[in-house]
1. Which of the residues belonging to segment 109-135 are open to solvent by 60 Å² or more (accessible area, probe 1.4 Å) and not small (Gly, Ala, Ser)?
2. Restricted to segment 87-108, and to residues that are farther than 17 Å from Leu76 by Cα, of a type outside the set (Gly, Ala, Ser) and over 21 Å from the mean Cα position of the chain (by Cα), which residue is surrounded by the fewest Cβ atoms within 10 Å (Cβ to Cβ)?
3. Which of the residues belonging to segment 224-236 are more than 15 Å from Val185 (Cβ to Cβ) and either open to solvent by less than 60 Å² (accessible area, probe 1.4 Å) or not in a helix (DSSP H, G or I) (or both)?
4. Is it fair to say Val187 is open to solvent by less than 20 Å² (accessible area, probe 1.4 Å) and out of contact with any Phe, Trp or Tyr (no Cβ under 6 Å at 6 or more places or on another chain)?
5. Taking only pairs six or more apart or across chains, which ones have beta-carbon atoms under 7 Å, a first residue in segment 86-101 that is β-branched (Val, Ile, Thr), and a second residue that is surrounded by fewer than 19 Cβ atoms within 10 Å (Cβ to Cβ) and part of a loop (DSSP other than H, G, I, E, B)?
6. Among the candidates Ala165, Ala144, which residue alone is of a type in the set (Gly, Ala, Ser), modelled with pLDDT of 95 or more and surrounded by fewer than 23 Cβ atoms within 10 Å (Cβ to Cβ)?
Amino acid sequence: MRPGNPLRAAAIAAAIAIAVPLAGCGSPAAPAPLLTRGAPSTPTPTPTPAAGVADAGVEACPLWWDEYAAGSAPELPLAAWPAAVLPDACPDGFDPVALLGPGGCVAPDCEAGELAPGVRAALQIEGPAGSGRFEALGLAIAGAPPRFVCTTGSTVGWRHLASVATQLAPLSWLDDLDGDGAAEVIVWDRLPWGSSEADNGLVPTAYALDGDRLVRRNDRAASAAARVAAAYRALAGSPLSDRGELVACYDALARALDGWGTRP
C-alpha cells in the first residue's frame with residue numbers, strides 16, 4: 001500500500017511541475033479522456049511470465065518489474081471501523097458505514113459486490129488525478145464492526161490505450177474476475193519500462209479476501225489481463241507512424257500479460 005493520498009500530492013506537484021522531455025521507448029500522442037469506470041506480512045514473489053511465454057521484444061524494451069513490485073503489496077491488512085486515524089491513502093470523505101448503507105454506493109464513484117457469499121463490500125474510487133493519474137481507493141466490508149482498507153492505483157498507462165479504449169472501457173475495480181462467485185478488488189496499476197510518466201503500461205493487480213486481509217491473487221486476473229494484452233497487440237499492429245518506437249514495449253507488455261500471475 002502506498003503511503004499518502006496521491007490526489008492531494010498531485011495537486012501540489014501540479015503547481016510546481018515543469019515540462020520534461022519524454023524518454024524510453026518513445027512518446028505517445030496526447031491521451032483521450034480516461035474512461036475507467038461505468039460504473040504486510042511475509043512478501044510473496046512478484047509475478048513473472050509463464051513458462052513457455054516467448055521473450056522476444058523484452059530485450060528491446062525491458063520491463064521494470066521491481067518498480068511494479070514496490071507498489072504492489074502482497075497483502076493489504078483490514079482494519080476495524082471506526083478508525084482512530086484515517087489513513088492518508090483513503091479517498092476524501094471515506095466513511096464505510098455510509099458507503100454500505102442504503103444508497104451509499106453510487107456509480108461511477110463507487111462499485112459494490114460480495115467478496116465472499118454474504119460478505120458485502122463497497123469500493124469508493126477517487127480520481128484519476130495528477131500526471132500519474134492516481135486513484136485513491138477505499139474498500140468497506142460489511143460486518144460488526146465494518147472493516148476497511150485503503151490503497152492507491154494508477155491509470156497513467158491509459159494514455160497509450162486511448163485509441164483502443166472500446167476494447168477495455170469501462171475498467172472495473174470490484175468484480176468477480178474468475179467466475180467463482182466472489183468479487184476481487186482490481187487495483188489498476190503501472191508496469192514501467194522507463195522513468196517518464198509516459199513510460200508505463202497498464203496492468204490489473206487483483207486482491208481477494210482471506211480472513212482479516214486482502215491477498216494479491218493475480219492468477220485470478222487472467223481474463224482482465226488477456227483483454228489488456230489484446231489491446232497492446234492491436235496497438236503494436238497499428239499503422240500510425242508515431243507508434244514505431246513503441247512497438248517493442250507494447251509487445252513486451254502483451255507477453256507479460258499473457259503469463260500474468262503465473263510466477264510462483
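The values are calculated or read from the model by the stated rules, or taken from the named source; none is laboratory data. This is a predicted model, so every value here is computed, not measured. So basically every Cβ, Gly included, is an ideal-geometry build from the backbone, and we count neighbours across all protein chains shown. All accessible areas refer to the heavy atoms of the entire protein, side chains included, with ligands and DNA or RNA removed. Shrake-Rupley method; radii C 1.70, N 1.55, O 1.52, S 1.80 Å.
1. Once the filter is applied, which keeps residues that are open to solvent by 60 Å² or more (accessible area, probe 1.4 Å) and not small (Gly, Ala, Ser), segment 109-135 yields Asp109, Glu114, Pro117, Arg120, Arg133.
2. The residue in question is Pro102.
3. Ala225, Ala226, Val228, Ala229, Ala230, Ala231, Tyr232, Ala234, Leu235, Ala236 - these are the residues of segment 224-236 that are more than 15 Å from Val185 (Cβ to Cβ) and either open to solvent by less than 60 Å² (accessible area, probe 1.4 Å) or not in a helix (DSSP H, G or I) (or both).
4. Taking the combined requirement at face value, the residue satisfies it.
5. Listed by first residue and then by second, the contacts come to Val97/Trp81.
6. So the residue among Ala165, Ala144 that is of a type in the set (Gly, Ala, Ser), modelled with pLDDT of 95 or more and surrounded by fewer than 23 Cβ atoms within 10 Å (Cβ to Cβ) is Ala144.
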